[in-house]
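Enquirer: This is the structure, below, for whatever I ask next.
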Amino acid sequence: MFRLTDLGWSSFFESQLTAGLQGEDRAPVPARVAEEARGVYRLFAQAGVWLAELTGRLRHEVTSRAGLPAVGDWVLARPSQGDGRALIQRVLARRSRFARKTAGTRVEEQIVAANVDTVLLVSSLNREFNVRRIERYLTLVWESGARPVVVLNKADLIPDPGAWRYQAESVAMGVPVFVTSAVTGEGLGELRPYLHRGETVALLGSSGVGKSTLINARIGEELLRTSAIREDDDRGRHTTTSRQMLLVPGGGVLIDTPGMRELQLWDSAAGLDHAFADVEALALQCFFTDCAHESEPKCAVLQAVEEGALDAARVESYHKLRREQAFLDRKRDPAAMAAERKKWRHIHKAMRNFSKG
Ligand code: GDP
Ligand code: ZN
């Protein structure tokens, strides 16, 4: 039994329901995808937990991998008579989405997590710490439509975390940066507000930085209870899959999937604009409108580097991510990408205006 608002339901999704639908006999109801494994979905709905598959019609209608339900998606599903099973009829439009290239040689987009509100970008304060990596992750998160928060974990391992925080802040462009230790508990209280009722949080960061430890330190007891419930209703079909969404009884929804943790760039045009807003602003002042900021005369970006106002390594990082983006672009369907970008630019713009106001 769940309250939809506890699961993250909001007017954004509500407004996608059509009146006719609710009037139908045994109308499909909203449910959120908590887990996915080989075409079987675990859904959290008001009435409880269901195992679901797509209707034949939806399977037929879905033309790309990105159209399939992903963890965090809201769907409309019709439960069958009392056996805990359901059929997914429709995937509701996403408020944010993390995409990656599918594994292997095919260049296709796969959604690894949907409708995430906040992403905790976790780095650790040891050799793993790398501002260039933080820039990359920030680009990804801005692109997704979620809000990033930078977490510098393992503060107990180093003498002066403040200096590291400063470095991270210099590339994070107004994004909050927190210093934590999952071992001593330092700074964990500052993360708690991000995990409140109806909010969906995901963690992103290299393996070994302490994501699991943070989750357990923060909400360990509750999570254990959640997984006990999960086992009760499980039919033994996919107990070991780890793509999942967890409901934190104290408030909040946590998405913890390997796909999310290992995210690579997919489409980052708008994300790059946002993560490198300083470089983009300078670029507007370059003499040539198509300036590549490599060796052109009267380049405002190169000039800023020369004057010490902009870090050369940051510009290099910007170039590198752009090149990666261009490489992916050449392999994809241009019309589809352009349409998708236009849509997301619009959403980003709305978000920026929203956070200003
Ligand atoms: P994940 O791969 O990001 O989920 O990382 P884990 O949570 O599995 O942590 C990797 C290792 O780092 C484990 O041995 C943890 O005990 C350790 N670790 C996690 N957080 C901290 C911390 O704040 N300080 C220290 N010293 N070790 C930590
Ligand atoms: Zn330039």
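The values are calculated or read from the model by the stated rules, or taken from the named source; none is laboratory data. Because the structure is predicted, anything quoted here is derived from the model rather than measured. Note: ideal-geometry Cβ built from the backbone for every residue, glycine included; neighbour counts use all protein chains shown. Heavy atoms of the whole protein, side chains included, go into the accessibility calculation; ligands, DNA and RNA do not. Shrake-Rupley method; radii C 1.70, N 1.55, O 1.52, S 1.80 Å.
Enquirer: Points 7 angstrom from Cα along the Cβ direction at Thr55 and Gln167: gap in nanometres?
Expert: About 5.5 nm, to one decimal.
Enquirer: How much area per residue is accessible in segment 137-199 when the probe is 1.4 Å and only protein heavy atoms are counted (Å²)?
Expert: Here the per-residue accessible area is 42 Å².
Enquirer: Further, regarding this structure: Determine, from the Cβ-Cβ distance of Thr63 and Asp83 and an R0 of 41 Å, the FRET efficiency 1/(1 + (r/R0)^6), rounded to the nearest 0.05.
Expert: 0.85
Enquirer: Another question about this same structure. Leaving out ligands, DNA and RNA but keeping every protein chain, what accessible area does Phe2 have, in Å² rounded to the nearest 10, with a 1.4 Å probe?
Expert: Here the residue's solvent-accessible area equals roughly 40 Å².
Enquirer: Would you mind counting up the charge near Asp311? Only other residues with Cβ under 11 Å from its Cβ, with Lys and Arg at +1 and Asp and Glu at -1.
Expert: -1
Enquirer: Could you tell me the ratio Rg/Rh of segment 11-91? Both radii from Cα atoms, Rh via Kirkwood.
Expert: 0.94
Enquirer: Also: Taking all pairs of different Cα atoms in segment 116-162, averaging 1/r and flipping that mean, what Kirkwood radius in angstroms comes out?
Expert: Over segment 116-162, the inverse of the mean reciprocal pair distance is 11.3 Å.
Enquirer: Right, another one. Could you list log10 I(q)/I(0) for segment 101-217 at q = 0.13 Å⁻¹, which the Debye formula gives when each Cα is one point scatterer?
Expert: Summing over Cα pairs of segment 101-217 leads to -0.50.
Enquirer: What full-extension length gain, to one decimal in nm, is calculated for His319 and Arg133 as 0.36 nm per residue of separation minus the Cα-Cα distance?
Expert: Extra length available between His319 and Arg133 comes to 65.6 nm.
Enquirer: Still on this structure, I have one more. Going from most exposed to least, what order do Asp6, Asp83 have by accessible area with a 1.4 Å probe?
Expert: Per-residue accessible area, sorted high to low, gives Asp83, Asp6.
Enquirer: Taking H placed 1.01 Å from N in the peptide plane, check which residues at least 5 places from Glu108 or on another chain put their amide H under 5 Å from its amide H.
Expert: Close amide H contacts, sequence-distant or interchain: Thr102.
Enquirer: For Val179, list long-range residues whose amide hydrogen, built 1.01 Å from N in the peptide plane, is under 5 Å from its own amide hydrogen.
Expert: Leu152
Enquirer: Then there is this: Below 13 angstrom from the Cβ of Pro176, what's the summed charge of the other residues (Lys, Arg +1; Asp, Glu -1)?
Expert: Summing Lys and Arg as +1 and Asp and Glu as -1 gives 0.
Enquirer: Expressed in nm to one decimal, what extension gain is obtained for the pair Ser15 and Phe287 from 0.36 nm per residue of sequence separation less their Cα-Cα distance?
Expert: The span from Ser15 to Phe287 would gain 93.3 nm if fully extended.
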